Amino acid sequence: MRRGPAAAPQTAGRLMGRAKNELKLMGSSLYIVSFVLVAFLVFLAVFAGELLNVSSLGFEVIFPFYTAVAAGEWGKTRSDDNYDVIAAQSRSVFRWLTLRYAVVVSVVSIFAVMGMVIISAIRGEMAFTELLLSYFPTAFVLSSISMIFGICSEKEHVGAMAGGVVWLAALMAQGLLRIPIVRYIYPFIYFAGLRGEIWLINKSVLCVAGLAIWCAVYGILRSSFSGDGR
């Protein structure tokens, strides 16, 4: 049965209601930690010397790490005490998971964009569009890693730990940029000093990698629920 035009506002209303409910469940801690991180980066922007590129450090390295941790901690799935109830009652566990992920990442990203605006005005190290392109693909792939590990384990903090481990391993692997293929997948390419066409290709590859992870998430959930598309 096909839905008429009147069903669209109702669907949007239900979606907004669920998003508000997710925000209530997360509490105020997500806002507080995000605000403190922005304040810390602003402090660095004001008092750090010119040798430190606060913009690339803050929004290609630090904020994506925080986004991955937030997705694993505030966006937890299998480790949620109510997961079994949600899985039994929800029409689609994948939709519930993506909504929770979207809410968490949206809150963090709003604070990140606020920080970009302030630090761009203070330092002027990178254009605002460069900051956006530096942050979102890296944050997307790292937070997606947190989510896929989160649905594979019932233990708390596994998702955040996985995203953090990948983040740390990538930082330590900067010396491998001498290998050409690594430049296309290294998540902190701007911070490492590489610019131009390779930077744009790199961010595009990260976006594709994030989407591939979410396809894997869907496949895992589909196989976990008897192939009913949940």
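The values are calculated or read from the model by the stated rules, or taken from the named source; none is laboratory data. None of these values were measured; they are calculated from a predicted model. Neighbour counts are summed over all protein chains in view; Cβ atoms, including those assigned to glycine, are modelled from backbone coordinates with ideal geometry. The accessibility values were calculated without ligands, DNA or RNA, using every heavy atom of the protein model including side chains. Shrake-Rupley method; radii C 1.70, N 1.55, O 1.52, S 1.80 Å.
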- [ ] Please work out which one of (1) under 20 Å from the mean Cα position of the chain (by Cα); (2) free of Cβ contacts under 8 Å to residues at least 24 places away in the same chain; (3) farther than 22 Å from A19 by Cβ is the condition I198 fails and give its number.
- [x] (1)
Open item on the list: Conditions first: (1) at pLDDT 90 or above; (2) surrounded by 15 or more Cβ atoms within 10 Å (Cβ to Cβ); (3) of a type in the set (D, E, K, R); (4) more than 18 Å from S56 (Cβ to Cβ). K203 passes all but one, so which condition is the exception?
Closed with: (4)
Open item on the list: Exactly one of these conditions fails for L168: (1) within 30 Å of V93 (Cα to Cα); (2) open to solvent by 30 Å² or more (accessible area, probe 1.4 Å). Give me its number.
Closed with: (1)
Task: Among residues of region 146-184, those that are modelled with pLDDT of 95 or more and either touching a Cys at 6+ places or on another chain (Cβ under 7 Å) or of a type in the set (V, I, T) (or both), counted - done: 2
- [ ] Go through (1) within 20 Å of A112 (Cα to Cα); (2) over 19 Å from the mean Cα position of the chain (by Cα); (3) hydrophobic (A, V, I, L, M, F, W, C) one by one and return the number of the condition V85 breaks.
- [x] (1)
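How about region 174-195: which of its residues are aromatic (F, W, Y) and free of Cβ contacts under 8 Å to residues at least 24 places away in the same chain?
Y184, Y186
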- [ ] Consider G219 carefully, then state whether it is open to solvent by less than 50 Å² (accessible area, probe 1.4 Å), of a type outside the set (A, V, I, L, M) and outside any helix (DSSP H, G or I).
- [x] no
- [ ] State which residue pairs qualify: first residue of a type outside the set (A, V, I, L, M) and inside region 91-109, second residue open to solvent by less than 20 Å² (accessible area, probe 1.4 Å) and not in a helix (DSSP H, G or I) in any location, beta carbons under 6 Å apart, and separation of 6 or more residues or different chains.
- [x] R100/G75; Y101/G75
Open item on the list: If I filter region 146-164 for residues that are within 14 Å of V61 (Cβ to Cβ) and crowded, with 24+ Cβ neighbours inside 10 Å, do I get at least one hit?
Closed with: yes
Open item on the list: Name the single residue that is modelled with the lowest pLDDT among those in region 185-200 being more than 17 Å from L57 (Cβ to Cβ) and not aliphatic (A, V, I, L, M).
Closed with: G196
